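Read through the structure below, which is laid out as structure tokens, and then see the notes.
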Amino acid sequence: MTGLPGAVQRYLRGVGVVGKEAIRTLRLKQQGFFRTKPGGKWLPMTAEQYFATSPPAFLWYGRVQIFPFSTISAADSFIDGHGKMLAKFLSLIRVADASGPEVDQGAMLRYLAEMMWFPTAWLADYIQWESIDAHSAKATLRHAGLTVSAVLHFNEDGLVAQVTAERYWDENGKFALRKWSGRVEDYREAGGMRIPMKVDVLWHLDTGDFSYFRAEITEIEYNV
């Protein structure tokens, strides 16, 4: 950790990465709620997600209950530097299929923000750090010709409380950069480390904050 910003060193020591085996793979399960638009109805959701750290990649698969006996299944992935989002109604009728440079950027940002669930990866060669102040630092991820950055905001205990970034938002079929953030809490022990178990993900739009994903980790295991 030599040379990292002081706030980052404090965080990594606080969550217990020192002396731990590097995390290569991760599997987790989530339950929570999702909605598609500001003011929309919160819909129950369950999900399972897999990560690899060398090279960075993830696959997220979730089911959202929209009506009794009616679900939308969705798969979100970041593999070989490319993101893809696919959603189907009743696992049959395609309702979303997104890919391209803006989706790549968003998926890579998601991986960067979710590294707090496998914190030894913050020491990977593809992450560079820049100090901002005593309670925040910028992490930059470079991989497969792409570069994304996010700011980690640390609380008084030195733990990550929020991650913020500029991410592409789809406005009526056109992409525009908007502030995006994830707020986390409820740190617990997993694999001998401390990770946040609850997350609230938001877009910060001109019309106000739009929280669209709220979930809690129900299972997690490393290097399986």
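No value in this document is a laboratory result; all are computed from the given coordinates. Quantities reported herein were computed from a predicted structural model and do not represent experimental measurements. With ideal geometry, Cβ positions are generated from the backbone for all residues, glycine too; neighbour counts draw on all protein chains shown.
Please work out which residue is surrounded by the fewest Cβ atoms within 10 Å (Cβ to Cβ), limiting yourself to the range 140-167 and to residues that are free of Cβ contacts under 8 Å to residues at least 40 places away in the same chain and touching a Ser or Thr at 6+ places or on another chain (Cβ under 8 Å).
The extreme case among them is Thr147.
Could you say whether any residue in the range 104-112 is out of contact with any Phe, Trp or Tyr (no Cβ under 7 Å at 6 or more places or on another chain), outside any loop (DSSP other than H, G, I, E, B) and either among the small types (Gly, Ala, Ser) or surrounded by fewer than 20 Cβ atoms within 10 Å (Cβ to Cβ) (or both)?
No; the residues of the range 104-112 include none that is out of contact with any Phe, Trp or Tyr (no Cβ under 7 Å at 6 or more places or on another chain), outside any loop (DSSP other than H, G, I, E, B) and either among the small types (Gly, Ala, Ser) or surrounded by fewer than 20 Cβ atoms within 10 Å (Cβ to Cβ) (or both).
List the residue pairs whose Cβ atoms are under 6 Å apart, where the first residue sits in the range 53-74 and is within 23 Å of Arg24 (Cα to Cα), the second is among the charged types (D, E, K, R) and in a strand (DSSP E or B), and the two are 6 or more positions apart or on different chains.
Qualifying pairs under 6 Å: Trp60/Asp76; Tyr61/Glu48.
Name every residue in the range 23-33 that is under 27 Å from Trp122 (Cβ atoms) and touching a Phe, Trp or Tyr at 6+ places or on another chain (Cβ under 6 Å), in order of residue number.
Answer for the range 23-33, where residues must be under 27 Å from Trp122 (Cβ atoms) and touching a Phe, Trp or Tyr at 6+ places or on another chain (Cβ under 6 Å): Ile23, Leu26, Arg27.
So Lys198 ticks every box in (1) more than 28 Å from Thr2 (Cα to Cα); (2) in contact with a Ser or Thr (Cβ under 7 Å, 6 or more places away or on another chain); (3) not aliphatic (A, V, I, L, M) but one. Which box is left unticked?
Of (1) more than 28 Å from Thr2 (Cα to Cα); (2) in contact with a Ser or Thr (Cβ under 7 Å, 6 or more places away or on another chain); (3) not aliphatic (A, V, I, L, M), only one is false for Lys198: (2).
Can you name the strands (runs of 3 or more DSSP E) wholly within the range 137-224 that have at least 3 residues being of a type in the set (Phe, Trp, Tyr) and closer than 25 Å to Gln30 by Cα?
So the answer is 208-222.
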